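To keep things clear, I will list the structure first and then write my remarks on it.
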Amino acid sequence: MAISYNGLWKLLIDKGMKKGDLCKSTGLSSSTMAKMTNGESVNLSVLERICAELDCDFGDLVNYKKP
């Protein structure tokens, strides 16, 4: 997995939110959330919606790990 969403998971914990809460507030599908849980890539529009909801930047959500 070259993509890590650990920043997103930490933000959710800090804000007292669960993945389901984020799906509801942003309109993300459960399949998109599953992709992120498995470290797969998602569209930038998904990250934009998350950033708007959590008031953060892309770098707060995602980082790249060399395989």
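The values are calculated or read from the model by the stated rules, or taken from the named source; none is laboratory data. As the structure is a computational prediction, the values presented were derived from the model and not from experiment. Here Cβ is always computed from backbone atoms with ideal geometry, including for glycine, and neighbour counts include all displayed protein chains. All accessible areas refer to the heavy atoms of the entire protein, side chains included, with ligands and DNA or RNA removed. Shrake-Rupley method; radii C 1.70, N 1.55, O 1.52, S 1.80 Å.
Computed from the Cβ-Cβ distance with R0 of 25 Å, the FRET efficiency linking residue 34 to residue 14 stands at 0.65.
The packing ranking, built from the mean of other Cβ atoms within 10 Å per residue, places the peptides 53-59, 7-13 in the order 7-13, 53-59, highest first. Just the protein heavy atoms count here, and of the accessible area of the chain at 1.4 Å, carbon and sulfur take up 51 percent. Placing dummy labels 7 Å off each Cα toward the beta-carbon, the span from residue 2 to residue 53 is 2.7 nm.
Between residue 44 and residue 23, the C-beta separation translates, for a Förster distance of 30 Å, into a calculated FRET efficiency of about 0.95.
A 1.4 Å probe run over the chain, with the rest of the protein chains in place, finds 65 Å² accessible per residue. Sorted from longest to shortest, the spans of the Cα atoms of the chain along the three principal axes equal 32, 22, 19 Å.
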